[in-house]
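Undergrad: What follows is a single structure, and I will ask about it in a moment.
The values are calculated or read from the model by the stated rules, or taken from the named source; none is laboratory data. The model shown is predicted, which means the values in this text are computed figures rather than measured ones.
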Amino acid sequence: MLTAVLVVLEVASSLGMLVFVLLHSGKGGGLSDLMGGSVGSAAAGSTVAEQNLDRITIVLACIFAFSAIALGLRL
């Protein structure tokens, strides 16, 4: 039963991380600049939405890591 809960938690956190990482804006120098993504980089700051996006991504990454360790140990 616990293994099933951990697997569901692992899959949900991995899908959530996938979505939230893709929502992040490009930080420059990469493919986003090549495609013209640097147009709004001068006005881009550390907004509340970006900070919340960072926090949610970090929480999901921690949940993913702990559930992966727990699945590895088979708690």
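Undergrad: Which one of these is modelled with pLDDT of 95 or more and of a type outside the set (S, T, N, Q): Val8, Val19, Val39? Steps first, answer last, please.
TA: Numbers: Val19 fails: modelled with pLDDT of 95 or more; Val39 fails: modelled with pLDDT of 95 or more.
Checking each option against the conditions leaves just Val8.
Undergrad: Under the condition of being part of a loop (DSSP other than H, G, I, E, B) and within 30 Å of Val5 (Cα to Cα), which residue from segment 42-75 is modelled with the lowest pLDDT?
TA: Leu75
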